[in-house]
1. About the Cα centre of the stretch 3-76, what is the dipole size in debye to 20, counting +1 per Lys and Arg Cβ and -1 per Asp and Glu Cβ, all else neutral?
2. Let me understand the chain better: what is its radius of gyration from the alpha carbons, and its Dmax, in angstrom?
3. Quick one: if the Förster radius is 30 Å, what FRET efficiency do ARG54 and ILE15 give, using the C-beta to C-beta distance and rounding to 0.05?
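Quick note: the coordinates plus some simple rules give every number you see, no bench work behind them. Because the structure is predicted, anything quoted here is derived from the model rather than measured. Positions of Cβ are generated from backbone atoms using ideal geometry, with glycine treated the same way; all protein chains shown enter the neighbour counts.
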Amino acid sequence: MSYIDELLESGGNFIVQRTEGGASFSPASAKESDLESFQSVVGRLRQRDGDGFRILREHETSDHADDFVDLVLVTIGAPEPLRP
């Protein structure tokens with residue numbers, strides 16, 4: 001099972017919405033604690049970008065002084081081939 005499949009199945013303290021060819025990830029609620037907790041999911045998605053999915057877009061919240069991401073959109077599919 002790929003990393004993205006594990007995230008899609010396990011969920012966690014975040015919301016996953018699957019679409020045809022992609023998915024969106026967001027915090028479990030608008031509470032500050034959930035937004036802060038979601039940043040670890042964002043970090044893991046960034047680290048694994050290219051492992052069966054590509055990050056299409058990230059949205060930074062404007063409600064906080066920190067650069068918190070409150071939405072990540074990904075496309076799901078085979079990784080791009082390595083270029084020589």
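1. The calculated dipole for the stretch 3-76 is roughly 240 debye.
2. 13.1, 46
3. 0.90
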